[in-house]
Amino acid sequence: LYKVWNTPQAGTADSDYLGILGQVLTSGRNSRLYKRLVFDDQIATSVQSGNNEGEIGSQFLVIVTAKPGQDLNRIEAIVDEEMAKLLRDGPTADELERARTTVGAGFIRGSERIGGFGGKSDILAENQVFLGDPGAWKASYSA
């Protein structure tokens, strides 16, 4: 099951917030969708989400791998329900802290490499191309 929403371009506060939202939804065994679909209801084998950032626009994705024979309409309804709860009530303080820590740690680990999928060269080049400033990552990182 794929759900896709068009979202603002890279470098915006909304894009950063959507990255955190993806972590809250599916990062770790205690995340909302992972816990609900994989552990509690046991109708999926994996759940992923995140904001795929781009220069002109981005896309927020939720991807669920259903167990064989499961009703995809039921899974989609659960995804919609959990998204609505999160949008209505917001994340808990613990969820927000866990997500921010995960995102920050991932950025630091990536920046320790020179190149290749998130290394220094990728960070600097992406910020130069998308935002016109190789140091623009500092605004997102400090948010």
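The values are calculated or read from the model by the stated rules, or taken from the named source; none is laboratory data. Because the structure is predicted, anything quoted here is derived from the model rather than measured. Methodologically, a virtual Cβ is constructed for each residue, glycine included, from the backbone with ideal geometry; neighbour enumeration extends over all protein chains shown. Surface areas here come from the heavy atoms of the whole protein model, side chains and all, with no ligands, DNA or RNA. Shrake-Rupley method; radii C 1.70, N 1.55, O 1.52, S 1.80 Å.
Restricting attention to the range 112-143, which residues are loosely packed, with under 12 Cβ neighbours inside 10 Å, out of contact with any helix residue (DSSP H, G or I) (no Cβ under 8 Å at 6 or more places or on another chain) and aliphatic (A, V, I, L, M)?
Val129
When you go through (1) without any contact (Cβ under 8 Å) to a residue 40 or more places away in the chain; (2) touching a Pro at 6+ places or on another chain (Cβ under 9 Å) one by one for Ser111, which number turns out not to apply?
(2)
Quick check, is Gly69 open to solvent by less than 50 Å² (accessible area, probe 1.4 Å) and not β-branched (Val, Ile, Thr)?
The answer is no for Gly69.
Please indicate, with yes or no, whether at least one residue in the range 103-111 is modelled with pLDDT of 90 or more, of a type outside the set (Ser, Thr, Tyr) and surrounded by 15 or more Cβ atoms within 10 Å (Cβ to Cβ).
no
For Glu95, indicate whether it is part of a helix (DSSP H, G or I) and buried (at least 18 other Cβ atoms within 10 Å of the Cβ).
yes
Evaluate the following for Gln9: is it touching a Ser or Thr at 6+ places or on another chain (Cβ under 7 Å), open to solvent by 40 Å² or more (accessible area, probe 1.4 Å), in a helix (DSSP H, G or I) and not hydrophobic (A, V, I, L, M, F, W, C)?
no
Condition test on Val24, is it modelled with pLDDT of 95 or more, over 24 Å from Trp137 (Cα atoms) and open to solvent by less than 40 Å² (accessible area, probe 1.4 Å)?
Against the criterion (modelled with pLDDT of 95 or more, over 24 Å from Trp137 (Cα atoms) and open to solvent by less than 40 Å² (accessible area, probe 1.4 Å)), Val24 does not qualify.
Give Glu76, Glu55 a once-over and let me know the one that is part of a loop (DSSP other than H, G, I, E, B) and open to solvent by 40 Å² or more (accessible area, probe 1.4 Å).
Just one listed residue meets the conditions, Glu55.
Out of all the residues in the range 125-139, which are part of a helix (DSSP H, G or I) and farther than 16 Å from Gly106 by Cα?
Those that are part of a helix (DSSP H, G or I) and farther than 16 Å from Gly106 by Cα: Ala125, Glu126, Asn127, Gln128, Val129, Phe130, Leu131, Ala139.
Taking the range 29-46, which residues are surrounded by 13 or more Cβ atoms within 10 Å (Cβ to Cβ) and either at positive phi or assigned to a helix (DSSP H, G or I) (or both)?
Passing the criteria: Arg32, Leu33, Tyr34, Lys35, Arg36, Leu37, Val38.
Which residue, of Arg109, Arg113, is outside any helix (DSSP H, G or I) and either touching a Leu at 6+ places or on another chain (Cβ under 8 Å) or not aromatic (Phe, Trp, Tyr) (or both)?
The unique qualifying residue is Arg113.
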